[in-house]
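Report on the following structure.
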Amino acid sequence: MTTELSSSSSSSAHPSLALDIATDSERLWQSLMEMARLGATPKGGVNRQALTDLDRQARDLFIEWCRAEGCSIRVDSIGNIFARRPGTDPDAAVVMTGSHLDTQPTGGKFDGCYGVMAGLEVIRTLNRHDIHTRSPIEVVAWTNEEGCRIAPCMMGSGVFTGQLSEHEMLHQTDAEGVSVADALEAIGYRGSDQVEREGIKAYFECHIEQGPILEDRETTIGVVIGALGQKWFDLTLTGQEAHAGPTPMSLRKDALLGAAEITQAINAIAMRHPPHGRGTVGVLQLHPGSRNVIPGQVKMTIDMRHFDAETLAQMAEELQQAVNDSCQRHGLTAELTPAADFAPEHFAESCVTAVRHGAERLGVSHLDIVSGAGHDAIFMGRIAPAGMIFVPCENGISHNEIENAAATDLHAGCNVLLHAMLEQAGLKQAGLEQAGLVDGGEK
């Protein structure tokens, strides 16, 4: 007898089914550790930057594992890899998951890679349990999410979703002048497969939190409801360099003094808009950079974030006012230039609910959380229902060789992913009723 569960059916009617299917913690961990050997650093991290030969090796290994599970492989023109496990309904929309295999130069074992390996583990689990989903299940490894070797970040998902120009991205270059197109050719991953944007029922992404909230709250699963919007600026303040000794304090045009005030103002602006306000100055460049010369010019970067679009716009207005006020006080001129503008992303309720249901079914602690970082799921959320699953990382540290996560937490996140995807994909499996795993349901 064959039992079918429609994707719209209440999964609470099948608690034993949800509880009795689990991913393999040891297999997931072994996959992560084997992948981490590609680009391993002496400090225990990973340096596997996008479109390098190490990236090629990671891609090759991922494809080898996916083919061993019977997946078909497609590679598009920006190098994104799509591994598909077919569904039973050829007309059903696909349920996707994924993340990235590239790392920062001093990256860790889990950022990005966990999401890809968790998706592979879902497929392995479905195969071991002989579960056939109505929708296809697809795992994607996105190209150049980090953007450290070649800007910008989230390149592969940006091109796939139409948020970034394919032509422009292929012509972006690294510090040595190597273009994305040439790098893809060099590693053999400039694909030609056409992968449709339409027909995606849901996209999920598992990720370490990269922050301290879950660990601080002693919570296993972050149900990600969305991601902060971001406004980046480049600010140049120009005063007048002068001798540090003969020039009285009252007659100076010190660009660094203005920069210091504006940095304090940025912090105050973010603090005025809790809980999601963020304000960061990440780079300061002083000219002329001499011990006994008053800085005549400062170039600085500004990163402002919030979950509410109107509040984020207000924060930008407050920044402009702070710059104007500081320049007036210190006799400076300013050039404030927008560098990036990402709207806040509110993930689809269907995906958020599926993640929450998965955590509830499995009895693991969870809380709603907003991502402060950028992820491929943000771009995917522009074209399809999307959601994310966070798990804790030790001390909230990421983009660092000491990045760490507990195997139990990674396993829990992968199990939540499994059940969230099944809720969206629907399933069809022979023999469930005889095995005592289904109590009623649609026949």
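From the set of residues in the range 245-255 that are under 17 Å from Ala334 (Cα atoms) and not in a loop (DSSP other than H, G, I, E, B), which is nearest to the chain's Cα centre (by Cα)?
Ala255
Taking the range 273-290 as the search range and keeping residues that are free of Cβ contacts under 8 Å to residues at least 40 places away in the same chain and more than 19 Å from Asp234 (Cβ to Cβ), which one is surrounded by the most Cβ atoms within 10 Å (Cβ to Cβ)?
Top of the filtered list is Gly277.
Condition test on Gly258, is it open to solvent by less than 50 Å² (accessible area, probe 1.4 Å), at positive phi and more than 32 Å from the chain's Cα centre (by Cα)?
It is false that Gly258 is open to solvent by less than 50 Å² (accessible area, probe 1.4 Å), at positive phi and more than 32 Å from the chain's Cα centre (by Cα).
All but one of (1) in contact with a strand residue (DSSP E or B) (Cβ under 8 Å, 6 or more places away or on another chain); (2) of a type in the set (S, T, N, Q); (3) in a helix (DSSP H, G or I) hold for Thr311; state the number of the condition that does not hold.
Failing condition for Thr311: (1).
Taking the conditions exactly as written (touching a residue at least 40 places away in the same chain (Cβ under 8 Å), under 14 Å from Gln49 (Cα atoms) and open to solvent by 10 Å² or more (accessible area, probe 1.4 Å)), does Cys113 satisfy them or not?
Criteria not met by Cys113.
Could you go through the range 275-288 and let me know if any residue there is hydroxyl-bearing (Ser, Thr, Tyr) and assigned to a helix (DSSP H, G or I).
no
Mind checking which residues of the range 182-201 are in a helix (DSSP H, G or I) and surrounded by fewer than 18 Cβ atoms within 10 Å (Cβ to Cβ)?
Residues satisfying the conditions are Asp182, Glu185, Ala186.
Would you check if Glu168 is in a loop (DSSP other than H, G, I, E, B), out of contact with any strand residue (DSSP E or B) (no Cβ under 6 Å at 6 or more places or on another chain) and under 27 Å from Met380 (Cα atoms)?
No.
Could you check how many residues of the range 403-418 are open to solvent by 30 Å² or more (accessible area, probe 1.4 Å) and out of contact with any Gly (no Cβ under 9 Å at 6 or more places or on another chain)?
5
Given the residues Leu170, Leu235, Leu251, which is the only one that is open to solvent by less than 20 Å² (accessible area, probe 1.4 Å), hydrophobic (A, V, I, L, M, F, W, C), under 30 Å from Cys327 (Cβ atoms) and at pLDDT 95 or above?
Step by step, each of Leu170, Leu235, Leu251 is checked, and only Leu235 is open to solvent by less than 20 Å² (accessible area, probe 1.4 Å), hydrophobic (A, V, I, L, M, F, W, C), under 30 Å from Cys327 (Cβ atoms) and at pLDDT 95 or above.
Limited to the range 46-93, what total is found for residues that are part of a helix (DSSP H, G or I) and either buried (at least 24 other Cβ atoms within 10 Å of the Cβ) or of a type outside the set (S, T, N, Q) (or both)?
15
Scan the range 347-402 residue by residue and report those that are open to solvent by 30 Å² or more (accessible area, probe 1.4 Å) and of a type in the set (Val, Ile, Thr).
Answer for the range 347-402, where residues must be open to solvent by 30 Å² or more (accessible area, probe 1.4 Å) and of a type in the set (Val, Ile, Thr): Thr353, Val364, Ile383, Ile397, Ile402.
Could you check, for the range 314-331, whether at least one of its residues is closer than 26 Å to Ala373 by Cα, of a type outside the set (A, V, I, L, M, F, W, C) and open to solvent by 80 Å² or more (accessible area, probe 1.4 Å)?
There is at least one residue in the range 314-331 that is closer than 26 Å to Ala373 by Cα, of a type outside the set (A, V, I, L, M, F, W, C) and open to solvent by 80 Å² or more (accessible area, probe 1.4 Å).
Residues Thr23, Thr41, Thr88, Thr103: which one is touching a residue at least 24 places away in the same chain (Cβ under 8 Å) and either under 26 Å from Arg190 (Cβ atoms) or of a type in the set (Asp, Glu) (or both)?
Thr103
With respect to Ala334, determine if the residue is out of contact with any Lys or Arg (no Cβ under 6 Å at 6 or more places or on another chain) and either of a type in the set (Val, Ile, Thr) or assigned to a strand (DSSP E or B) (or both).
Against the criterion (out of contact with any Lys or Arg (no Cβ under 6 Å at 6 or more places or on another chain) and either of a type in the set (Val, Ile, Thr) or assigned to a strand (DSSP E or B) (or both)), Ala334 qualifies.
Failed condition for Met96, given (1) within 19 Å of Leu61 (Cα to Cα); (2) buried (at least 24 other Cβ atoms within 10 Å of the Cβ), with all others met?
Result: Met96 fails condition (1) only.
Go through the range 136-155 and report how many residues are touching an Asp or Glu at 6+ places or on another chain (Cβ under 7 Å) and either assigned to a strand (DSSP E or B) or not hydrophobic (A, V, I, L, M, F, W, C) (or both).
5
Please identify the pairs in which a residue from the range 126-155 that is open to solvent by 20 Å² or more (accessible area, probe 1.4 Å) has its Cβ atom under 8 Å from the Cβ atom of a residue that is among the hydroxyl-bearing types (Ser, Thr, Tyr) and modelled with pLDDT under 95, counting only partners at least 6 apart or on another chain.
Sorted first by the residue in the range 126-155, then by its partner, the pairs are Arg134/Ser6; Arg134/Ser7.
The values are calculated or read from the model by the stated rules, or taken from the named source; none is laboratory data. Because the structure is a prediction, the values reported are computed rather than measured. Note that we place each Cβ from the backbone using ideal geometry, even for glycine, and neighbour counts take in every protein chain shown. Calculation scope for accessible area: heavy atoms of the full protein, side chains included, ligands and nucleic acids excluded. Shrake-Rupley method; radii C 1.70, N 1.55, O 1.52, S 1.80 Å.
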